[in-house]
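I have placed the structure first, in the form of C-alpha coordinates, so that the comments after it can refer back to it.
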Amino acid sequence: MGRVSTLLIIFIVLGASYATYNLVTMIRRYGYSEGVAGADGGLFFDPIIEMPDHVKNRKTLKAPFHVALTATDAPYNKWQCRVMYYWYKQQKKLPGSEMGGFTRILHSGKPDNLMDEIPTVVVDPLAEGLDRGYIVLNRPWAFVQWLQKAQIEEEYVLMAEPDHIFLRPLPNLAYGGNPAAFPFFYIRPDQNERIIRKFYPEEYGPVTNVDPIGNSPVIIRKDLIAKIAPTWMNVSLKMKEDPETDKAFGWVLEMYAYAVASALHGVRHILRKDFMLQPPWDLETKKKYILHYTYGCDYNMQGELTYGKIGEWRFDKRSHLRGPPPKNLPLPPPGVPESVVTLVKMVNEASANIPNWDAS
(Lines give C-alpha, C1' and ligand atoms only; values in the text may rest on other atoms or scores of the structure.)
Protein backbone atom coordinates (compact mmCIF):
# COMPACT_ATOMS: atom_id res chain seq x y z
CA MET A 1 0.00 0.00 0.00
CA GLY A 2 2.88 2.34 0.91
CA ARG A 3 4.57 1.58 -2.43
CA VAL A 4 1.35 2.42 -4.31
CA SER A 5 1.02 5.74 -2.44
CA THR A 6 4.62 6.66 -3.23
CA LEU A 7 4.15 5.89 -6.93
CA LEU A 8 0.93 7.92 -6.94
CA ILE A 9 2.66 10.94 -5.40
CA ILE A 10 5.50 10.71 -7.95
CA PHE A 11 2.95 10.50 -10.79
CA ILE A 12 1.08 13.57 -9.51
CA VAL A 13 4.29 15.61 -9.17
CA LEU A 14 5.43 14.68 -12.67
CA GLY A 15 2.00 15.45 -14.09
CA ALA A 16 1.91 18.87 -12.42
CA SER A 17 5.41 19.66 -13.69
CA TYR A 18 4.41 18.69 -17.24
CA ALA A 19 1.27 20.84 -17.06
CA THR A 20 3.28 23.80 -15.78
CA TYR A 21 5.82 23.34 -18.58
CA ASN A 22 3.04 23.30 -21.19
CA LEU A 23 1.44 26.42 -19.69
CA VAL A 24 4.70 28.36 -19.72
CA THR A 25 5.40 27.20 -23.28
CA MET A 26 1.93 28.29 -24.39
CA ILE A 27 2.33 31.72 -22.79
CA ARG A 28 5.70 32.24 -24.42
CA ARG A 29 4.34 31.13 -27.77
CA TYR A 30 1.11 33.11 -27.78
CA GLY A 31 1.91 35.95 -25.40
CA TYR A 32 2.71 38.36 -28.24
CA SER A 33 -0.77 38.34 -29.70
CA GLU A 34 -2.96 37.92 -26.66
CA GLY A 35 -1.03 38.00 -23.40
CA VAL A 36 -2.37 36.46 -20.24
CA ALA A 37 -5.08 38.57 -18.67
CA GLY A 38 -5.22 39.08 -14.94
CA ALA A 39 -8.24 39.86 -12.80
CA ASP A 40 -7.70 43.56 -13.30
CA GLY A 41 -7.39 43.23 -17.08
CA GLY A 42 -3.62 43.72 -17.01
CA LEU A 43 -1.22 41.54 -18.96
CA PHE A 44 1.05 39.35 -16.85
CA PHE A 45 3.16 38.47 -19.87
CA ASP A 46 4.01 40.75 -22.71
CA PRO A 47 5.93 40.34 -25.95
CA ILE A 48 9.15 41.95 -24.75
CA ILE A 49 9.35 42.03 -20.97
CA GLU A 50 8.06 39.39 -18.59
CA MET A 51 6.77 41.28 -15.57
CA PRO A 52 8.23 40.40 -12.16
CA ASP A 53 5.71 38.89 -9.76
CA HIS A 54 5.55 41.95 -7.51
CA VAL A 55 4.52 44.12 -10.44
CA LYS A 56 1.26 42.20 -10.78
CA ASN A 57 -0.07 43.86 -7.64
CA ARG A 58 -0.72 47.33 -8.99
CA LYS A 59 -2.02 48.58 -5.63
CA THR A 60 1.49 48.65 -4.15
CA LEU A 61 3.00 50.40 -7.17
CA LYS A 62 1.09 53.63 -7.55
CA ALA A 63 3.04 55.61 -10.13
CA PRO A 64 1.15 58.65 -11.49
CA PHE A 65 1.99 59.87 -14.96
CA HIS A 66 1.66 63.30 -16.55
CA VAL A 67 -0.48 63.52 -19.68
CA ALA A 68 1.30 65.51 -22.41
CA LEU A 69 -0.76 66.43 -25.46
CA THR A 70 0.89 68.09 -28.48
CA ALA A 71 -1.39 70.34 -30.54
CA THR A 72 -1.73 73.30 -32.89
CA ASP A 73 -4.10 76.26 -32.70
CA ALA A 74 -6.12 75.14 -35.75
CA PRO A 75 -9.91 74.83 -35.14
CA TYR A 76 -9.67 71.17 -36.19
CA ASN A 77 -7.15 70.51 -33.41
CA LYS A 78 -8.92 72.62 -30.81
CA TRP A 79 -12.23 70.76 -30.67
CA GLN A 80 -10.41 67.42 -30.46
CA CYS A 81 -8.29 68.72 -27.58
CA ARG A 82 -11.42 69.85 -25.74
CA VAL A 83 -13.05 66.42 -26.11
CA MET A 84 -9.83 64.73 -25.04
CA TYR A 85 -9.40 66.95 -21.97
CA TYR A 86 -13.06 66.49 -20.96
CA TRP A 87 -12.66 62.70 -20.83
CA TYR A 88 -9.28 62.97 -19.11
CA LYS A 89 -11.03 64.82 -16.25
CA GLN A 90 -13.83 62.25 -16.08
CA GLN A 91 -11.52 59.22 -15.93
CA LYS A 92 -8.78 60.71 -13.74
CA LYS A 93 -11.02 60.85 -10.66
CA LEU A 94 -12.18 57.22 -10.86
CA PRO A 95 -10.66 54.24 -8.98
CA GLY A 96 -7.80 52.56 -10.82
CA SER A 97 -6.53 55.73 -12.44
CA GLU A 98 -2.88 56.74 -12.18
CA MET A 99 -3.41 59.82 -14.33
CA GLY A 100 -1.66 62.84 -12.89
CA GLY A 101 -1.35 66.36 -14.26
CA PHE A 102 -2.13 67.47 -17.80
CA THR A 103 -0.35 69.75 -20.28
CA ARG A 104 -1.33 70.74 -23.79
CA ILE A 105 1.96 71.51 -25.55
CA LEU A 106 0.87 74.15 -28.05
CA HIS A 107 3.50 74.32 -30.80
CA SER A 108 2.00 77.29 -32.65
CA GLY A 109 4.28 79.82 -30.96
CA LYS A 110 1.51 81.95 -29.46
CA PRO A 111 -1.39 81.60 -26.98
CA ASP A 112 -4.90 80.81 -28.17
CA ASN A 113 -8.42 80.98 -26.72
CA LEU A 114 -8.14 77.69 -24.82
CA MET A 115 -5.38 78.79 -22.43
CA ASP A 116 -7.82 79.22 -19.51
CA GLU A 117 -9.71 76.00 -20.25
CA ILE A 118 -6.84 73.54 -20.75
CA PRO A 119 -3.48 73.69 -18.92
CA THR A 120 -1.14 74.78 -21.72
CA VAL A 121 2.52 75.52 -22.37
CA VAL A 122 3.32 77.43 -25.56
CA VAL A 123 6.41 76.39 -27.50
CA ASP A 124 7.82 77.43 -30.87
CA PRO A 125 7.20 75.63 -34.14
CA LEU A 126 10.11 74.61 -36.34
CA ALA A 127 11.67 77.33 -38.45
CA GLU A 128 9.56 78.18 -41.48
CA GLY A 129 9.87 75.61 -44.23
CA LEU A 130 11.78 73.08 -42.13
CA ASP A 131 8.77 70.79 -41.74
CA ARG A 132 8.26 70.77 -45.55
CA GLY A 133 4.50 70.83 -45.07
CA TYR A 134 4.59 67.85 -42.68
CA ILE A 135 3.26 69.56 -39.56
CA VAL A 136 3.68 66.46 -37.38
CA LEU A 137 7.42 67.07 -37.57
CA ASN A 138 6.84 69.79 -34.96
CA ARG A 139 5.93 67.17 -32.35
CA PRO A 140 9.45 66.02 -31.34
CA TRP A 141 10.70 69.64 -31.32
CA ALA A 142 7.75 70.54 -29.09
CA PHE A 143 8.69 67.82 -26.61
CA VAL A 144 12.33 68.94 -26.58
CA GLN A 145 11.29 72.48 -25.64
CA TRP A 146 8.66 71.44 -23.12
CA LEU A 147 10.98 69.06 -21.28
CA GLN A 148 13.58 71.81 -21.00
CA LYS A 149 11.19 74.32 -19.42
CA ALA A 150 8.57 72.18 -17.64
CA GLN A 151 8.48 71.38 -13.94
CA ILE A 152 6.81 67.96 -13.97
CA GLU A 153 5.97 66.43 -10.60
CA GLU A 154 5.26 62.95 -11.94
CA GLU A 155 8.07 60.51 -12.74
CA TYR A 156 6.31 59.29 -15.88
CA VAL A 157 4.79 60.95 -18.94
CA LEU A 158 2.03 59.78 -21.29
CA MET A 159 2.54 61.14 -24.81
CA ALA A 160 -0.95 61.59 -26.23
CA GLU A 161 -2.72 63.07 -29.26
CA PRO A 162 -5.85 65.22 -29.71
CA ASP A 163 -7.90 62.40 -31.25
CA HIS A 164 -7.56 60.20 -28.17
CA ILE A 165 -10.53 59.56 -25.89
CA PHE A 166 -9.97 57.92 -22.51
CA LEU A 167 -12.49 55.09 -22.23
CA ARG A 168 -11.74 54.18 -18.62
CA PRO A 169 -9.26 55.05 -15.86
CA LEU A 170 -5.76 54.47 -17.19
CA PRO A 171 -3.16 52.83 -14.94
CA ASN A 172 0.56 53.24 -15.46
CA LEU A 173 1.36 50.44 -17.91
CA ALA A 174 5.11 51.14 -17.91
CA TYR A 175 7.61 49.46 -15.62
CA GLY A 176 10.89 51.12 -14.65
CA GLY A 177 13.07 51.67 -17.69
CA ASN A 178 10.65 49.90 -20.01
CA PRO A 179 8.00 52.28 -21.39
CA ALA A 180 4.61 50.97 -22.48
CA ALA A 181 3.49 51.48 -26.07
CA PHE A 182 0.81 50.41 -28.52
CA PRO A 183 2.01 48.19 -31.40
CA PHE A 184 0.87 49.51 -34.79
CA PHE A 185 0.37 46.88 -37.49
CA TYR A 186 1.66 49.27 -40.18
CA ILE A 187 4.96 50.09 -38.44
CA ARG A 188 7.20 47.28 -39.73
CA PRO A 189 10.91 47.92 -39.23
CA ASP A 190 11.63 44.30 -40.19
CA GLN A 191 10.09 44.85 -43.65
CA ASN A 192 11.98 48.12 -44.14
CA GLU A 193 15.41 47.03 -42.94
CA ARG A 194 17.38 48.64 -45.77
CA ILE A 195 15.87 52.05 -45.00
CA ILE A 196 16.03 51.61 -41.22
CA ARG A 197 19.75 50.84 -41.50
CA LYS A 198 20.35 54.36 -42.82
CA PHE A 199 19.51 55.62 -39.33
CA TYR A 200 20.11 52.53 -37.17
CA PRO A 201 23.53 51.10 -38.14
CA GLU A 202 24.27 47.37 -37.80
CA GLU A 203 26.66 47.91 -34.90
CA TYR A 204 23.66 48.87 -32.74
CA GLY A 205 22.17 45.41 -33.13
CA PRO A 206 19.43 43.62 -35.09
CA VAL A 207 16.68 45.66 -36.71
CA THR A 208 14.21 43.84 -34.46
CA ASN A 209 15.47 46.12 -31.69
CA VAL A 210 13.35 48.83 -33.33
CA ASP A 211 9.88 48.42 -31.85
CA PRO A 212 6.76 48.57 -34.11
CA ILE A 213 5.46 51.73 -32.47
CA GLY A 214 5.07 55.48 -32.68
CA ASN A 215 5.55 57.99 -29.91
CA SER A 216 1.88 57.92 -28.99
CA PRO A 217 0.44 56.45 -26.97
CA VAL A 218 3.54 55.82 -24.90
CA ILE A 219 3.96 55.97 -21.11
CA ILE A 220 7.63 56.59 -20.37
CA ARG A 221 9.84 57.75 -17.54
CA LYS A 222 10.51 61.45 -18.00
CA ASP A 223 14.30 61.10 -17.76
CA LEU A 224 14.18 58.63 -20.67
CA ILE A 225 12.03 60.79 -22.94
CA ALA A 226 14.30 63.74 -22.12
CA LYS A 227 17.21 61.70 -23.59
CA ILE A 228 15.25 60.33 -26.54
CA ALA A 229 13.46 63.53 -27.63
CA PRO A 230 16.47 65.36 -29.19
CA THR A 231 17.46 62.20 -31.08
CA TRP A 232 13.84 61.71 -32.16
CA MET A 233 13.82 65.26 -33.53
CA ASN A 234 17.10 64.86 -35.40
CA VAL A 235 16.17 61.47 -36.87
CA SER A 236 12.79 62.89 -37.97
CA LEU A 237 14.49 65.74 -39.83
CA LYS A 238 17.05 63.42 -41.44
CA MET A 239 14.31 61.03 -42.56
CA LYS A 240 12.33 63.89 -44.07
CA GLU A 241 15.42 65.12 -45.92
CA ASP A 242 16.00 61.69 -47.47
CA PRO A 243 13.69 61.31 -50.52
CA GLU A 244 13.61 57.51 -50.39
CA THR A 245 12.73 57.43 -46.70
CA ASP A 246 10.18 60.23 -47.05
CA LYS A 247 8.44 58.36 -49.87
CA ALA A 248 8.51 55.00 -48.08
CA PHE A 249 7.26 56.17 -44.68
CA GLY A 250 5.00 59.05 -45.70
CA TRP A 251 2.60 60.22 -42.98
CA VAL A 252 4.06 57.76 -40.42
CA LEU A 253 7.65 59.00 -40.84
CA GLU A 254 7.74 60.69 -37.43
CA MET A 255 6.47 57.46 -35.84
CA TYR A 256 9.34 55.49 -37.35
CA ALA A 257 11.72 58.21 -36.18
CA TYR A 258 10.61 57.77 -32.57
CA ALA A 259 10.97 53.99 -32.79
CA VAL A 260 14.50 54.34 -34.21
CA ALA A 261 15.50 57.02 -31.69
CA SER A 262 14.38 54.79 -28.80
CA ALA A 263 16.39 51.88 -30.17
CA LEU A 264 19.47 54.07 -30.54
CA HIS A 265 19.22 54.72 -26.80
CA GLY A 266 18.70 51.02 -26.04
CA VAL A 267 15.12 51.53 -24.86
CA ARG A 268 12.67 48.68 -25.48
CA HIS A 269 8.92 49.06 -25.00
CA ILE A 270 6.35 46.82 -23.38
CA LEU A 271 3.82 46.31 -26.17
CA ARG A 272 0.21 46.57 -24.98
CA LYS A 273 -2.55 45.81 -27.46
CA ASP A 274 -5.07 46.78 -24.78
CA PHE A 275 -3.63 50.30 -24.67
CA MET A 276 -5.77 51.52 -27.58
CA LEU A 277 -8.37 50.64 -30.20
CA GLN A 278 -9.05 52.22 -33.59
CA PRO A 279 -12.55 52.09 -35.05
CA PRO A 280 -13.92 51.06 -37.46
CA TRP A 281 -11.40 48.20 -37.60
CA ASP A 282 -11.55 47.41 -33.88
CA LEU A 283 -15.14 46.51 -33.12
CA GLU A 284 -15.31 46.59 -29.29
CA THR A 285 -14.07 48.87 -26.53
CA LYS A 286 -14.03 46.14 -23.86
CA LYS A 287 -10.85 46.16 -21.75
CA LYS A 288 -9.26 48.91 -23.89
CA TYR A 289 -8.09 52.22 -22.44
CA ILE A 290 -7.92 54.74 -25.31
CA LEU A 291 -10.14 55.17 -28.35
CA HIS A 292 -8.22 56.62 -31.31
CA TYR A 293 -10.55 58.00 -33.97
CA THR A 294 -8.04 58.59 -36.74
CA TYR A 295 -9.97 56.64 -39.40
CA GLY A 296 -13.23 57.70 -41.01
CA CYS A 297 -16.28 55.59 -40.17
CA ASP A 298 -18.63 55.20 -43.16
CA TYR A 299 -21.68 52.91 -43.20
CA ASN A 300 -24.84 52.39 -45.19
CA MET A 301 -28.20 52.33 -43.42
CA GLN A 302 -27.97 48.54 -43.11
CA GLY A 303 -24.96 49.00 -40.84
CA GLU A 304 -22.43 47.78 -43.42
CA LEU A 305 -18.99 49.40 -43.62
CA THR A 306 -18.34 51.30 -46.85
CA TYR A 307 -14.74 52.29 -46.15
CA GLY A 308 -13.24 54.34 -48.99
CA LYS A 309 -16.69 55.49 -50.02
CA ILE A 310 -18.71 58.16 -48.22
CA GLY A 311 -21.46 56.35 -46.36
CA GLU A 312 -25.11 57.22 -45.84
CA TRP A 313 -24.04 57.59 -42.21
CA ARG A 314 -20.53 58.74 -41.37
CA PHE A 315 -18.29 60.13 -38.68
CA ASP A 316 -14.95 61.43 -39.83
CA LYS A 317 -12.97 64.02 -37.88
CA ARG A 318 -11.81 65.48 -41.21
CA SER A 319 -15.39 66.56 -41.90
CA HIS A 320 -14.85 69.24 -39.24
CA LEU A 321 -11.66 71.03 -40.27
CA ARG A 322 -13.03 74.55 -39.75
CA GLY A 323 -14.80 74.03 -36.44
CA PRO A 324 -16.34 71.52 -34.06
CA PRO A 325 -18.99 68.99 -35.04
CA PRO A 326 -22.54 69.98 -34.07
CA LYS A 327 -23.96 68.87 -30.76
CA ASN A 328 -26.09 65.73 -30.58
CA LEU A 329 -24.67 63.93 -33.60
CA PRO A 330 -27.03 61.21 -34.87
CA LEU A 331 -26.13 57.72 -33.71
CA PRO A 332 -25.15 55.17 -36.36
CA PRO A 333 -27.76 52.75 -37.74
CA PRO A 334 -28.34 49.32 -36.17
CA GLY A 335 -25.58 46.83 -36.89
CA VAL A 336 -22.69 49.30 -36.64
CA PRO A 337 -19.96 48.06 -34.23
CA GLU A 338 -20.06 49.05 -30.57
CA SER A 339 -16.75 50.90 -30.90
CA VAL A 340 -18.24 53.39 -33.37
CA VAL A 341 -21.42 53.84 -31.32
CA THR A 342 -19.29 54.52 -28.24
CA LEU A 343 -17.20 57.07 -30.13
CA VAL A 344 -20.24 59.11 -31.18
CA LYS A 345 -21.82 58.91 -27.72
CA MET A 346 -18.62 60.14 -26.05
CA VAL A 347 -18.21 63.04 -28.49
CA ASN A 348 -21.86 63.96 -27.88
CA GLU A 349 -21.45 63.87 -24.10
CA ALA A 350 -18.37 66.06 -24.26
CA SER A 351 -19.94 68.63 -26.59
CA ALA A 352 -23.05 68.78 -24.40
CA ASN A 353 -21.00 69.58 -21.28
CA ILE A 354 -18.23 71.82 -22.61
CA PRO A 355 -19.16 75.53 -22.30
CA ASN A 356 -19.12 77.58 -25.50
CA TRP A 357 -18.67 74.47 -27.61
CA ASP A 358 -19.29 76.34 -30.86
CA ALA A 359 -16.35 78.65 -30.08
CA SER A 360 -13.76 75.91 -30.57
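The values are calculated or read from the model by the stated rules, or taken from the named source; none is laboratory data. These numbers come from a predicted model, not from an experiment. A quick note on method: Cβ atoms are made from the backbone with ideal geometry, for glycine too, and the neighbour counts reach across all protein chains shown. What goes into the accessible areas is simple: the full protein's heavy atoms, side chains included, and nothing from ligands, DNA or RNA. Shrake-Rupley method; radii C 1.70, N 1.55, O 1.52, S 1.80 Å.
Listing for the model above:
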item	result
Virtual spin-label span in nm between Tyr204 and Glu304, 7 Å along Cα→Cβ	4.7
Accessible surface of the stretch 141-249 [probe 1.4 Å, protein heavy atoms]: carbon and sulfur percent	47
Full-extension gain in nm, Leu329 to Ala352, via 0.36 nm per residue minus C-alpha separation	7.2 nm
For the stretch 209-350: relative contact order, % (alpha-carbon pairs under 8 angstrom, 6 or more apart)	19
Accessible surface of Val235 - all protein chains present, 1.4 Å probe, nearest 10 Å²	10
Qualifying GluC sites (Glu not before Pro) in the stretch 147-233, DSSP loop, other Cβ atoms within 10 Å at most 13	Glu153
Percent RCO, i.e. relative contact order, over the stretch 296-340, from Cα pairs under 8 Å lying at least 6 residues apart	41
Accessible area of the stretch 272-342 divided out per residue, in Å², using a probe of 1.4 angstrom	52
The stretch 112-246: relative contact order as a whole-number percent, Cα under 8 Å and 6+ apart	32
Candidates per GluC sites (Glu not before Pro) in the stretch 298-340, loop by DSSP, up to 16 other Cβ within 10 Å	Glu304, Glu312
